[in-house]
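*Asks:* Quick one: the structure is below, and I'll ask about it shortly.
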Amino acid sequence: MSTTPHILMCPPDYFGIEYEINAWMKKDRQVDHPLAVKQWTALQQVLIEAGAKISLLEAVKGLPDLVFTANAALIYRKTAILSRFMHKQRQGEEEHDQAWLEANGFKIHKLPETISFEGAGDALFCGDTLLAGYRMRSDIKGYQDIGTLLGCRVTPLELVNPYYYHIDTCFCPLSVDTAIYFPGAFDEYGRKALTNLVPNLIEVNEEEARSFACNAVVVNKTVATNSGCPDLHKKLKENGFCPVGTPLGEFVKSGGSAKCLTLRLDGEEGAGWKYKSGVDANTQA
Ligand code: ARG
């Protein structure tokens, strides 16, 4: 079943470095705001050209990270498992994410208040498995509930490097059997789990991982990344994908890049459920 790729973005009207909640953010390394707007707009254009429909969440003053819509929720068919942000600085985003998703036909599921969970930033389907990062931003204890709710297998992966604090900074499914990853963000056990689960796992080198090469947006065969990832782009071409680089340096200052700026609403290319009939899954959750 194929649908028009549908992506939620939020313009960077109030984007800036107002606090420090990850290893990349430094308040004295401020964003060049006009440049951030230019970079965000160019990414949006790349995605439109790749065939995506873009919907917009309205920016809110005082919520500089709302621009990172990947963290709004985990989407499974028409269910949205809403994020519960670990840091209070981002918790104000939750009501805006919920309002938009509800108004656009998603059934909201909230995890218990004691659990942190940061949406598609930390949980990505590859085939029939949900690969889920924990320790830095999302709690491992929420993942069992999510697996039960969605009726899917969840493989939690511990994130061990503070620069790769969300799983989407170091892992990206490109299709149901192919993904890119940066080995240095996982421990040996995590690397083994990934190797066993994903038939075609493409390695990203450390220099390009630091340029957020793994934080890619996949739209059909197009893979949009920050600029400065030539080795990954070469490998993507060899694997039949069309890489596109677009500068996103202003967002890297906040610890984000292409993927973080998007939330795929109709299921990512790597999500096995997207290709199956939805009858019973839709009645779940
Ligand atoms: N400054 C944001 C934070 O630390 C960046 C979020 C990036 N999002 C992502 N999905 N990796 O929360």
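The values are calculated or read from the model by the stated rules, or taken from the named source; none is laboratory data. Note that the coordinates shown come from a computational prediction; the quantities given were computed from them, not determined experimentally. We place every Cβ from the backbone using ideal geometry, glycine too, and count neighbours over all the protein chains shown.
*Asks:* Picking from Thr169, Thr148, which residue would you name as being of a type in the set (S, T, N, Q) and more than 26 Å from Tyr19 (Cα to Cα)?
*Replies:* When all the criteria are applied, what remains is Thr148.
*Asks:* Looking only at region 255-272, which residues are of a type in the set (Gly, Ala, Ser) and assigned to a loop (DSSP other than H, G, I, E, B)?
*Replies:* Correct list: Gly255, Gly256, Ser257, Ala258, Gly267, Gly270.
*Asks:* Report, by residue number, each residue of region 115-141 that is farther than 25 Å from Asp177 by Cα, at pLDDT 95 or above and more than 16 Å from the ligand (Cβ to nearest atom).
*Replies:* Ile115
*Asks:* To continue, here is another question. Of all residues in region 88-122, which are surrounded by 14 or more Cβ atoms within 10 Å (Cβ to Cβ) and farther than 18 Å from Leu57 by Cα?
*Replies:* Answer for region 88-122, where residues must be surrounded by 14 or more Cβ atoms within 10 Å (Cβ to Cβ) and farther than 18 Å from Leu57 by Cα: Gln89, His109, Lys110, Leu111, Ile115, Ser116, Phe117, Asp122.
*Asks:* Find all pairs meeting these conditions: Cβ atoms under 8 angstrom apart; at least six residues apart or on different chains; first residue within region 53-80 and among the charged types (D, E, K, R); second residue within 15 Å of the ligand (Cβ to nearest atom) and in a strand (DSSP E or B).
*Replies:* Lys53/Ile7
*Asks:* Okay, next question. Taking only region 226-246 into account, find how many residues are in contact with a helix residue (DSSP H, G or I) (Cβ under 7 Å, 6 or more places away or on another chain) and within 16 Å of Glu49 (Cβ to Cβ).
*Replies:* Looking only at that region, the number is 4.
*Asks:* Related question: Could you check region 1-106 for helices (runs of 4 or more DSSP H) lying wholly inside it with 1 or more residues that are away from the ligand (no atom under 13 Å from the Cβ), modelled with pLDDT of 95 or more and among the acidic types (Asp, Glu)?
*Replies:* 33-49, 93-103
*Asks:* Separate question: Could you check region 18-29 and list, in sequence order, the residues that are more than 20 Å from the chain's Cα centre (by Cα) and touching a residue at least 24 places away in the same chain (Cβ under 8 Å)?
*Replies:* Listed by number, the residues that qualify are Glu18, Tyr19, Lys26, Arg29.
*Asks:* Regarding Gly267, is this residue farther than 26 Å from Glu118 by Cα, in contact with a Ser or Thr (Cβ under 9 Å, 6 or more places away or on another chain), among the small types (Gly, Ala, Ser) and at pLDDT 95 or above?
*Replies:* no
*Asks:* Another one. Just wondering, is there one or more residues in region 234-254 that are crowded, with 17+ Cβ neighbours inside 10 Å, at positive phi and either in a loop (DSSP other than H, G, I, E, B) or modelled with pLDDT of 95 or more (or both)?
*Replies:* No, that holds for no residue.
Conditions tested, residue by residue: (1) under 20 Å from Leu35 (Cα atoms); (2) among the aromatic types (Phe, Trp, Tyr); (3) within 16 Å of the ligand (Cβ to nearest atom).
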site: Glu188; (1), (2), (3): no, no, no
site: Val204; (1), (2), (3): no, no, yes
site: Ala224; (1), (2), (3): yes, no, yes
site: Ser227; (1), (2), (3): yes, no, no
site: Glu238; (1), (2), (3): no, no, no
site: Ser254; (1), (2), (3): yes, no, yes
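*Asks:* Consider region 121-145. How many of its residues are closer than 15 Å to Ser83 by Cα, more than 13 Å from the chain's Cα centre (by Cα) and assigned to a helix (DSSP H, G or I)?
*Replies:* The total comes to 4.
*Asks:* Quick one: what pairs do we get from region 165-181, first residue in contact (Cβ under 8 Å) with a residue 12 or more places away in the chain, second surrounded by 24 or more Cβ atoms within 10 Å (Cβ to Cβ) and basic (Lys, Arg), C-beta under 8 Å, 6+ apart or different chains?
*Replies:* Once the first residue is in contact (Cβ under 8 Å) with a residue 12 or more places away in the chain and sits in region 165-181, its partners that are surrounded by 24 or more Cβ atoms within 10 Å (Cβ to Cβ) and basic (Lys, Arg) give Tyr165/Arg137; His166/Arg137; Asp168/Lys259; Cys172/Lys259.
*Asks:* When you look at Glu250, is it within 23 Å of Asp32 (Cβ to Cβ) and either under 13 Å from the mean Cα position of the chain (by Cα) or of a type in the set (D, E, K, R) (or both), yes or no?
*Replies:* In short, yes.
*Asks:* Moving on to the next point. Restricting the search to region 152-208, which residues are of a type in the set (S, T, N, Q) and in a strand (DSSP E or B)?
*Replies:* Hits for region 152-208 are Thr155, Thr178, Asn200.
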